[in-house]
Every structure is written in structure tokens, then in C-alpha cells.
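Below is one structure; the comments refer to it alone.
The values are calculated or read from the model by the stated rules, or taken from the named source; none is laboratory data. If you're wondering where the values come from, they're calculated on a predicted model, not measured in any experiment. Every residue, glycine among them, receives a Cβ derived from its backbone with ideal geometry; neighbour counts consider all protein chains shown. Ligands, DNA and RNA are excluded from the accessible area calculation, which covers all protein heavy atoms including side chains. Shrake-Rupley method; radii C 1.70, N 1.55, O 1.52, S 1.80 Å.
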Amino acid sequence: MELSAEDNLRLNVLLAQELHAVRIDESKMIVYALTGKGEAKVPLNPTGKDEVYIKEVKALFSTHVMGSPGGYPVYLKRWTRMGQARDESLAQLLLLGEPEAVVAAVHAPGLSDELASRAWWAMPTSENARRMLEKQAVAEGETGKVLADFLIEFLPFEEEQKDMIESVRLVLQPGLISQEEKEKLWKKTKTKRSFYVGFLHASADDLPVDVDAHAEHENIKQKLSPLIEKNNPYAVLLDKVFSEKGQAFLQTVEDAFKKPGNQDVVVSLLAAVARYFKSIMPEQFTEDDIEVVCSEAESHCCADNADINEVLNAFDEDKDKVQAYLCAMTVLACLSVKLVNPIFARTDAIGTVMRKKIKPVTDPIIEQLHILRS
């Protein structure tokens, strides 16, 4: 099938301009283009079936852009969504009028702020917004704020918990939203508990909640001051955990563990906690059994470890108490998806049923949180 004479002329005139991106509305049979002079629109006049005619239109753009009518190989969907598109071809991908080509550009590590703006015009979806905000150049550019505003507005319509977590995590990157917007987002955690996990990933040290420091904080900070200055990892982390911000983190983790909605939330929450405590994660430990993790952590804190001994030797009467603190932090550093994999491999339960099944894992974790908060 050939293009109608009218469409062929108008599309070739369009191709002669400075094109930035192309979008084809197949339901309305209209070609939209973002040019150096602004937006352009070319209504199509098909000479046969719409589906076949659209293929001819895409072949015209492909021939002009890539020198071949074959178009973008959409069957490479998984490959392109892994960010394998070459940086030098990203601008061309946005000119093909093919959604999967736009997705390939969005996933590419070398996406610039300008190209992100063009890709957003071509295909403004929440998934594309998230993938683009993962790139530092985009998050720090003008397009980043546009994407963040969209994701916040779209949050009530997200259906997947993992997408909610990712959206919250990404919009909380520095400079994207105001403090007022951050606090508004925080208020929604009361009804959208998965938001907690996004905050834990993005703002672990700056959560918008007022929590008092641990009663032992000043005493510990004073006695460990020399070790903190020499960057003893256990001393530094203990001081951090017992501060106002550290206690806010622990309280938020506990709130998040109360009613995780599904498996994605649990997995992401475990990762957020482990990341916070990763500076003291043992080199070797059992990863898939929480009871063994607790036992090994206790043994680890009783072993001949120079950093741990330095911390314990700073206390005369409270060594056992401090050792319990160090043990609790070590357990939390060892959390991962591997603890719940044996459970999730046998069930796809969500909500109350899931929470009941994972209690053997979550109860010991909450116990460690209480040790560090009591």
C-alpha cells in the first residue's frame, strides 16, 4: 500500500523541518511532530486499512531517519528496556513514531535533559517518568521537576505498590519538590503505607517527622566521641541511630512493618533497612534464616573484633546494654529478600494473610527495632 499523494507531500514537508520528536495517534490517525518551531500536526488520509497504512507511515520516517524502512525492532523489547540503546542514536529513536523506540531512549543511561524533554512530549507515561528520573542529568535538569510534578499528581491512580514506592523515592531527590510538597506527601503515608518505604529509601536521614533522640544518646555520644572522630563504623552508626533523625528512621521502619500491602513492599522495606545499616554488615553471614542471623550477630558482637571492642571498652557498667545495641544493628544490616524468599516461593498471598505468614521473619526484626528505641 502506498501513501496518498496528499499525505506523502505533507509528511515529506514535515521531514524537511528540524524534527525533535514524532508521535503517531493511531486511533485518530494523526501524526504529531515536535519541531524547532513548535508542534506540528498532520491528519492522515488512509487509502486502505488503518493498521497497514500506519506501517507505511512509520516506514517513511524510518527510511528518512535510519536509511531503512524496517523501522525499530520492537521485538527487542527486553533488550532495550535494560538500557542497551546506544547514546549516539537516542535522538533518532525519538523520530520514528514508535512507542517502543521512545522507551528504549528513556531507558538509556546517556539520556540528557533535552532528550528527556522530547521523550516526555512523545510518550508521557508514569513508567517513562520514573525511568528518566533515575538519570542524574534529568533529575538535575529542567525536565526533572516536570516529571516529579506529574508523578505526584498521578500517585492516586497508581495500582502497583512497587510503582508507588518508586515514584515517592524518585520525587524526593534533592531539588525536585518543595518542603511543603514533601510534607503533604508524608501526610498521605497514614493511608498509603507503601509511601513510607519510598521515604526510607530517599530521605532516611531527613524524614519529616519529629522524634526525640534516644535517652542514652548524649551519654553514648560523649563516651564514643574519640571513636566517632576516628570513624569507627560501630561508634558512628550508634551515634546516628540514637539521634533524633535515627530514631525517626526506626519509628518509620516499624510503622512500615505494621501493615505492608504486598510482597513488593516487604522486599523493598528490607532493602531500605539493610542499606541504612550496611556500614557494619559482616563479610559472611547466613542470609536466609532470621533466627540464625540473630544468633550469628550475637556471636559476631562477642568475638574478637577490634572496632567492636573499642566501643565496648568505652563503657564500664553498660557493656552488656551497648553490646545488645550493636547486636541489634548487626541483625538489621543483614536483612534481605532472601529471608522471605522461602515464604514467598510458596504463596502469592497479600494483605493480612501475607503478614501472618511472614511474622516469623518480621517479629524478630521488630524486636531489634525495639532494642534500639527503648
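Listed here are the residues, each with its yes/no results for (1) out of contact with any helix residue (DSSP H, G or I) (no Cβ under 8 Å at 6 or more places or on another chain); (2) of a type outside the set (S, T, N, Q).
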site: Ala297; (1), (2): no, yes
site: Ala303; (1), (2): yes, yes
site: Asn309; (1), (2): yes, no
site: Phe315; (1), (2): no, yes
site: Leu332; (1), (2): no, yes
site: Lys338; (1), (2): yes, yes
site: Gly351; (1), (2): yes, yes
site: Met354; (1), (2): no, yes
Next on the checklist: I'm checking my understanding of the structure. Among residues of segment 348-374 that are among the aliphatic types (A, V, I, L, M) and without any contact (Cβ under 8 Å) to a residue 12 or more places away in the chain, which one is most open to solvent (accessible area, probe 1.4 Å)?
Outcome noted: Val353
Checklist entry - Is there a residue in segment 321-339 that is modelled with pLDDT of 95 or more, of a type outside the set (D, E, K, R) and touching a Lys or Arg at 6+ places or on another chain (Cβ under 8 Å)? => result yes
Checklist entry - Considering only segment 115-137, how many residues are more than 16 Å from Gly97 (Cβ to Cβ), of a type in the set (D, E, K, R) and in a helix (DSSP H, G or I)? => result 3
Item to check | Pair list, Cβ under 8 Å, 6 or more apart: segment 240-253 residue farther than 11 Å from Ala213 by Cβ, other residue open to solvent by 10 Å² or more (accessible area, probe 1.4 Å) and part of a helix (DSSP H, G or I) | outcome: Phe249/Tyr276; Leu250/Arg373; Gln251/Arg373
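Would you check which residues across segment 263-288 are of a type in the set (Gly, Ala, Ser) and surrounded by fewer than 21 Cβ atoms within 10 Å (Cβ to Cβ) and list them? Outline the logic, then answer.
Narrowing segment 263-288 to residues of a type in the set (Gly, Ala, Ser): 268, 271-272, 274, 279.
Across segment 263-288, the qualifying residues are Ala271, Ala274, Ser279.
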Checklist outcome for this item: Contact list, first residue from segment 153-176 and in a loop (DSSP other than H, G, I, E, B), second anywhere and open to solvent by 30 Å² or more (accessible area, probe 1.4 Å) and among the charged types (D, E, K, R), beta-carbon distance below 6 Å, six or more apart or interchain, is Leu176/Lys145
Checklist entry - Any idea how many residues of segment 13-43 are open to solvent by 80 Å² or more (accessible area, probe 1.4 Å) and part of a loop (DSSP other than H, G, I, E, B)? => result 6
Checklist entry - Residue check: is Glu291 over 26 Å from Met354 (Cβ atoms), open to solvent by 20 Å² or more (accessible area, probe 1.4 Å) and not aromatic (Phe, Trp, Tyr)? => result no
Checklist outcome for this item: By residue number, the members of segment 220-262 that are open to solvent by 40 Å² or more (accessible area, probe 1.4 Å), in a helix (DSSP H, G or I) and more than 18 Å from Glu367 (Cα to Cα) are Lys221, Gln222, Lys223, Ser225, Pro226, Ile228, Glu229, Val236, Lys240, Glu244, Lys245
Checklist entry - How many of the residues in segment 312-347 are in contact (Cβ under 8 Å) with a residue 40 or more places away in the chain, outside any helix (DSSP H, G or I) and among the hydrophobic types (A, V, I, L, M, F, W, C)? => result 5
Checklist entry - Given Glu158, Glu216, Glu140, which one is open to solvent by 50 Å² or more (accessible area, probe 1.4 Å) and out of contact with any strand residue (DSSP E or B) (no Cβ under 8 Å at 6 or more places or on another chain)? => result Glu140
Checklist outcome for this item: Scanning segment 209-247 residue by residue, those under 23 Å from Asn309 (Cβ atoms) and hydrophobic (A, V, I, L, M, F, W, C) turn out to be Ile220, Leu224, Leu227, Ile228, Ala235, Val236, Leu237, Leu238, Val241, Phe242
